[in-house]
Amino acid sequence: MAKSPAWSTQPPIQQLQTIADLLETPALARIYAYILREGPVTVSNIVADLDFPQGTAYDYVQKLEAAEFVEKTQTQRPYNYNADPVSLTLTTDGETQTITSALIAAVARRTENDDIDMYIDRHGVDGLAVALNYAQEYVDGTVNHRIAARELDLSPLEAEIILQALEPIAREYAIE
């Protein structure tokens, strides 16, 4: 079902709930993606670099820690946190979709990238996940925007816009 973090002892349903929260809450996704990319980091780093209120940053880090998506890397204050990549494969009605750290990072950029935000509004997170797969192939050079447009049932312009918006994420998470 899911690749839990290596240190995980949490029940899969609790982890699934946190993944759902990550996909529905761009601010929580931003913190997870930041810790994964920059870790180990302190909550002060999160507050300063992401411009979050301190209380919100602590609440979100505690939520991620409780679900074991982040862990403390030292036992004394200020605590440093690190994260492992996430990969959850869901199969419903014969269709399979994988939720990855790259998808969470794409959701995290929703508040700062109007193209991603509009795409999610029109096609949902499921549609974004599929577009992200094409963005990874686009980066690899195996797909162009016209092929993606045909496969995603988009206009070539909309396909080009979303592929360009997702390209930095696809490059950063190319090994997933």
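The values are calculated or read from the model by the stated rules, or taken from the named source; none is laboratory data. Please read these numbers as outputs of a predicted model, since none were measured by experiment. When we count neighbours, we look across all protein chains shown, and the Cβ atoms used for this are built from the backbone with ideal geometry, even at glycine. Calculation scope for accessible area: heavy atoms of the full protein, side chains included, ligands and nucleic acids excluded. Shrake-Rupley method; radii C 1.70, N 1.55, O 1.52, S 1.80 Å.
What the table below lists for this structure:
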read-out: Rounded to whole Hz, the Karplus (6.51, -1.76, 1.60) HN-Hα couplings of region 168-173, x for glycine and proline; value: x, 5, 4, 5, 5, 10
read-out: Nonlocal amide H pairs with T42, under 5 Å, H built at 1.01 Å; value: Y81
read-out: Anisotropy class of the chain from Cα gyration tensor, a/c 1.5 cut; value: prolate
read-out: J(HN,Hα) series, region 67-77, from Karplus relation 6.51 cos²θ - 1.76 cosθ + 1.60, nearest Hz, glycine and proline x; value: 8, 6, 8, 10, 9, 6, 9, 8, 9, 10, 6
read-out: FRET efficiency, V130 to Q76 (Cβ-Cβ, R0 41 Å, nearest 0.05); value: 0.40
read-out: Gyration tensor verdict on region 17-86 (Cα atoms; rounded if a/c is under 1.5, prolate if a/b is larger than b/c, oblate otherwise); value: oblate
read-out: Helix 114-140 axis, angle to the chain major axis (alpha carbon atoms, nearest 10°); value: 80
read-out: Helix 26-38 axis, angle to the chain major axis (alpha carbon atoms, nearest 10°); value: 80
read-out: Degrees between helix 54-66 axis and first principal axis of the chain (Cα, 0 to 90, nearest 10); value: 80
read-out: Modelled FRET efficiency - R0 22 Å, Q17 with R37, Cβ distances, 0.05 increments; value: 0.40
read-out: Gyration tensor (alpha-carbon) shape descriptor, region 89-176, a/c threshold 1.5; value: rounded
read-out: Protein accessible area in region 90-176, 1.4 Å probe - carbon and sulfur %; value: 46
read-out: Amide H within-cut-off set for V86, under 5 Å, with H built and near neighbours excluded; value: S101
read-out: Distance (nanometres) between label positions extended 7 Å along Cα→Cβ at T111 and E24; value: 1.7
read-out: MRE, 222 nm, helices only [DSSP H, n ≥ 4, -39500 (n - 2.57), over the chain, to nearest 500]; value: -19500 deg cm²/dmol
read-out: Surface accessible to a 1.4 Å probe, per residue, for the residues of the chain, Å²; value: 53
